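One structure is given below, encoded as structure tokens.
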Amino acid sequence: MEILDILILGSGPAALCLASELANQDLNIKGISTKSPNEKWENTYGIWASELEELGLESLLSHRWCQTVSFFGDGKNKKGDTPTKHNYDYGLINQEAFQNVLLKKCKGIEWLNETAKDIKEKK
Ligand SMILES: Cc1cc2nc3c(=O)[nH]c(=O)nc-3n(C[C@H](O)[C@H](O)[C@H](O)COP(=O)(O)OP(=O)(O)OC[C@H]3O[C@@H](n4cnc5c(N)ncnc54)[C@H](O)[C@@H]3O)c2cc1C
């Protein structure tokens with residue numbers, strides 16, 4: 001039986017972020033996922049622009065909405081017509097570019113196209 005330091009489960013954003021952070025450490029890492037890590041992510045990801053700026057990843061935004069506002073209410077009275085200003089930009093992530101950034105950092109990690117069926121705790 002092969003003993004690994006880290007087994008990454010899945011190949012979505014959480015798994016690839018984790019793997020990309022661990023990849024440059026001297027660890028024996030493998031991934032196991034029902035999907036290939038190269039398979040296009042299905043969901044559309046939006047995020048506050050400042051969150052990406054903190055990581056130096058703002059270039060990954062494919063669109064940026066400035067001076068965003070929200071409207072709250074039940075849609076039945078005028079209260080919901082008043083905009084609440086956020087004073088933050090909101091952005092649409094270019095998920096292909098984001099996935100590629102992470103995959104580049106994960107270079108060297110082997111992914112098995114399998115389904116994890118059980119996790120047993122060693123007592
Ligand atoms: C329509 C929609 C829109 C969204 N919009 C936003 C948004 O704008 N902003 C935002 O922040 N979030 C958004 N989300 C939420 C976001 O999609 C999730 O938070 C994010 O995808 C979670 O990432 P994850 O890597 O944890 O899981 P997932 O993306 O679900 O990835 C799970 C991975 O695990 C693998 N897997 C599952 N079971 C097994 C198993 N037994 N064995 C091996 N592999 C397995 C799958 O193949 C997959 O690769 C949205 C979600 C949806 C559905």
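No lab work stands behind these numbers, since they all come straight from the coordinates. Computed from a predicted structure; not experimentally measured. Don't worry about glycine lacking a Cβ; one is built from the backbone with ideal geometry, like all the others, and counts go over all protein chains shown.
Figures for the structure shown
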{"quantity": "Taking Asp26, Asp89 and counting other C-beta atoms within 10 Å, the order from fewest to most", "calculated": "Asp26, Asp89"}
{"quantity": "For the range 86-123 and the range 1-25, distance of Cα centres in Å", "calculated": "9 Å"}
{"quantity": "Options Leu52, Leu92, Phe72, ranked by Cα towards positive dipole end of the chain, top entry (Cβ charges)", "calculated": "Phe72"}
{"quantity": "Residue among Lys107, Lys85, Lys35 with the largest mean-square fluctuation in a Gaussian network model of the chain, springs linking Cα atoms under 10 Å", "calculated": "Lys85"}
{"quantity": "Between helix 13-22 and the chain: long-axis angle, C-alpha atoms, 0 to 90°, nearest 10", "calculated": "50 degrees"}
{"quantity": "Loop sites in the range 83-123: GluC sites (Glu not before Pro), DSSP, at most 11 other Cβ within 10 Å", "calculated": "Glu114, Glu121"}
{"quantity": "Folded to 0 to 90 degrees: helix 95-105 orientation relative to the chain principal axis, Cα", "calculated": "30 degrees"}
{"quantity": "Relative contact order %, the chain, counting alpha carbon pairs below 8 Å whose residues are six or more apart", "calculated": "34 percent"}
{"quantity": "FRET efficiency, Val101 to Thr34 (Cβ-Cβ, R0 35 Å, nearest 0.05)", "calculated": "0.95"}
{"quantity": "Label-reachable residues, the range 84-123, where backbone N falls under 16 Å from a point 7 Å from Cys66's Cα toward its Cβ", "calculated": "86-92"}
